[in-house]
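Trainee: Dumping the structure here so I can ask a few things about it.
The values are calculated or read from the model by the stated rules, or taken from the named source; none is laboratory data. Predicted, not measured: the structure shown is a model, and the values here were computed from it. Note that we place each Cβ from the backbone using ideal geometry, even for glycine, and neighbour counts take in every protein chain shown.
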Amino acid sequence: MNEEKKRSNAGVIVLALFMVILLVIAGVSFFVILNKQTDKEGTVPASESAEAKSGDSVLSDATEKKLRQLKEIIDEEYLFGTEDVDFDTEVIRAYMDALGDPYSVYYTPEEYNDLMESSRGTFCGIGVSIQQDIETMAVTVIQVFRGSPAEEAGVKPGDVIYAVDGVPVGQDDINLTVTKVRGAAGSQVKVTFYRPSINGNVDFEITRREVQVDSAVGEMLDDGIGLIQLTSFDEITYGQFVDAYNDLAAKGMKAVIFDLRNNGGGLLSSVCDIVDAMVPEGIITYTVDKNGARSEYRSDASDALNIPAVILTNENTASASEIFTAALHDYGKATVVGTTTFGKGIVQVIIPLNDGSGVKITVSRYYTPKDVCIHGEGIQPDVEVELDPETEEDEQMNEAIRILKEQIK
């Protein structure tokens, strides 16, 4: 859906729904408070408290008048009942959708709570990692966690979520789709996936259970080459990364591969903590907001990486993963192998509202240590290697191993 159509649809929803809650909306106060939580898109905390001025008008007088007319028409003429329509939520969603920014989203109290839970690295769900195409809004499975309910059911990477419990997810924000899939441990969810390999849909009845994501897993390969696969950057990732790295170092690791393929991002605080241990003193990343204000995230050079390293990337390496990749590359600490990364170089903050709901809103761009904003461009690898879909070989991993063997001779 193009931006013009999206804005048009959002406007129609506002006009059709907003009248029911005019008085409610007029009384809503939006707060910006210190929020230490960061979202899955690599957000930074809001730092100032601000309340909407009581005299500010949400809508123009002409629009309010038109909405009153629409409500009268709906009440008098509309064939179907409106008892099951959550006007309040849908109108507020439409208000945010009118921005035309797929990363700026409203969350109900339940959705907001689930969003905060997702950053902790443990949750009740089916056990998949997903990513959303910002143009089509399609939500695709990029990883199925080992031993998860999704793996047991037969979900595969590349499956596209079409519907949850029979309700199409359509143009939903990825985090809204997540909240629909998750639920209480032991409960069931029916997820319909479009599977490209068969050009058709497949249905799975999956029993939810608690899933803990091992977001940093180490493995020793041949010739003293260590492999650390980073699947996300959550609250638990830094500790898991340190354990994995130290374990490999104790086993005599001479070089390391950081596999960030299909890592869709995570917490800014988590990735900065990890990068801090590997690069010299200086900028890890910095952000610039609409007013030109700059915020820096720096390394204190506590323990810089001192062995050869390769970072594996692909088109699903995004956001916080790109901060990791750019920082190590800019400081000359790693060679990048694979394909060009996703290209998300903007930052969102999560702002709680006074009723337990919240909004995620884009507030700034982030830049690499060499002053590059990669938004819409991505990071090009030093050595570009495509995977051959006709074979089971991991050509990217093979090239990383070859490069490191040359460096540790």
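Trainee: Ala327 is checked against (1) surrounded by 20 or more Cβ atoms within 10 Å (Cβ to Cβ); (2) more than 15 Å from Val275 (Cα to Cα) and fails just one. What number does that condition carry?
Mentor: (2)
Trainee: When segment 70-92 is examined, which residues are found to be farther than 18 Å from Ser357 by Cβ and assigned to a helix (DSSP H, G or I)?
Mentor: Leu70, Lys71, Glu72, Ile73, Ile74, Asp75, Glu76, Glu77
Trainee: Turning to a different aspect of this structure: In segment 263-292, how many residues are part of a loop (DSSP other than H, G, I, E, B) and hydrophobic (A, V, I, L, M, F, W, C)?
Mentor: Filtering segment 263-292 down to residues part of a loop (DSSP other than H, G, I, E, B) leaves 263-265, 267, 277-281, 290-292.
If we keep only those that are hydrophobic (A, V, I, L, M, F, W, C) as well, we get 267, 277-279.
Total satisfying the criteria: 4.
Trainee: Okay, moving on. Taking Tyr95 as the residue in question, decide whether it is among the aromatic types (Phe, Trp, Tyr) and either in a helix (DSSP H, G or I) or within 22 Å of Arg261 (Cα to Cα) (or both). Reasoning before the result, please.
Mentor: Values: among the aromatic types (Phe, Trp, Tyr): yes; either in a helix (DSSP H, G or I) or within 22 Å of Arg261 (Cα to Cα) (or both): yes.
So Tyr95 fits the description; yes.
Trainee: Within segment 267-292, work out how many residues are over 30 Å from Ile408 (Cβ atoms), touching a strand residue (DSSP E or B) at 6+ places or on another chain (Cβ under 8 Å) and not β-branched (Val, Ile, Thr).
Mentor: First pass over segment 267-292, keeping only residues over 30 Å from Ile408 (Cβ atoms): 267-269, 286-292.
Pick out the ones that are also touching a strand residue (DSSP E or B) at 6+ places or on another chain (Cβ under 8 Å) and you get 267-268, 286-290.
With not β-branched (Val, Ile, Thr) added as a condition, the list becomes 267-268, 286, 289-290.
Matching residues across segment 267-292 total 5.
Trainee: Testing Ser319 on (1) in contact with a helix residue (DSSP H, G or I) (Cβ under 7 Å, 6 or more places away or on another chain); (2) closer than 15 Å to Arg261 by Cβ, one condition comes back false. Which one is that?
Mentor: For Ser319, the exception is condition (1).
Trainee: A further question follows. Looking at segment 350-372, can you tell me whether even one residue there is among the charged types (D, E, K, R) and closer than 30 Å to Met220 by Cβ?
Mentor: First pass over segment 350-372, keeping only residues among the charged types (D, E, K, R): 355, 360, 365, 370-371.
Restricting the remaining residues to those that are closer than 30 Å to Met220 by Cβ gives none.
Looking for residues that are among the charged types (D, E, K, R) and closer than 30 Å to Met220 by Cβ, one finds none in segment 350-372, hence no.
Trainee: OK, next. Suppose the filter is crowded, with 19+ Cβ neighbours inside 10 Å and over 20 Å from Ala334 (Cβ atoms); does Phe241 pass it? Spell out the reasoning first.
Mentor: Working: crowded, with 19+ Cβ neighbours inside 10 Å: yes; over 20 Å from Ala334 (Cβ atoms): no.
It is false that Phe241 is crowded, with 19+ Cβ neighbours inside 10 Å and over 20 Å from Ala334 (Cβ atoms).
Trainee: Answer yes or no as to whether Gly224 is surrounded by fewer than 20 Cβ atoms within 10 Å (Cβ to Cβ) and in the same structural domain as Ala320 (by TED's automatic domain parsing).
Mentor: Taking the combined requirement at face value, the residue satisfies it.
Trainee: Among (1) within 29 Å of the chain's Cα centre (by Cα); (2) surrounded by fewer than 15 Cβ atoms within 10 Å (Cβ to Cβ), there is one condition Leu387 misses while meeting the rest; what is its number?
Mentor: (2)
Trainee: Also, I was wondering about something else. Counting only residues that are surrounded by 15 or more Cβ atoms within 10 Å (Cβ to Cβ), of a type in the set (D, E, K, R) and at pLDDT 95 or above, how many does segment 290-324 have?
Mentor: 2
Trainee: A further question on this structure: Is one or more of the residues making up segment 156-172 part of a helix (DSSP H, G or I) and surrounded by 19 or more Cβ atoms within 10 Å (Cβ to Cβ)?
Mentor: Going through segment 156-172, the residues part of a helix (DSSP H, G or I) turn out to be none.
Within segment 156-172, not a single residue is part of a helix (DSSP H, G or I) and surrounded by 19 or more Cβ atoms within 10 Å (Cβ to Cβ).
Trainee: Additional query: Cβ contacts < 6 Å: first residue under 23 Å from Thr339 (Cβ atoms), restricted to segment 263-289; second residue part of a strand (DSSP E or B) and of a type in the set (Val, Ile, Thr), any location; separation 6+ or different chain. Result?
Mentor: So the pair list comes out as Val275/Ile284.
Trainee: Okay, next question. Which of (1) modelled with pLDDT of 85 or more; (2) over 24 Å from Glu235 (Cα atoms); (3) of a type outside the set (A, V, I, L, M, F, W, C) does Gly147 not meet, given it meets every other one?
Mentor: Result: Gly147 fails condition (2) only.
Trainee: Moving on. What are the residues in segment 183-213 that are surrounded by 16 or more Cβ atoms within 10 Å (Cβ to Cβ) and in a loop (DSSP other than H, G, I, E, B), if any?
Mentor: Across segment 183-213, the qualifying residues are Gly183, Arg208, Val213.
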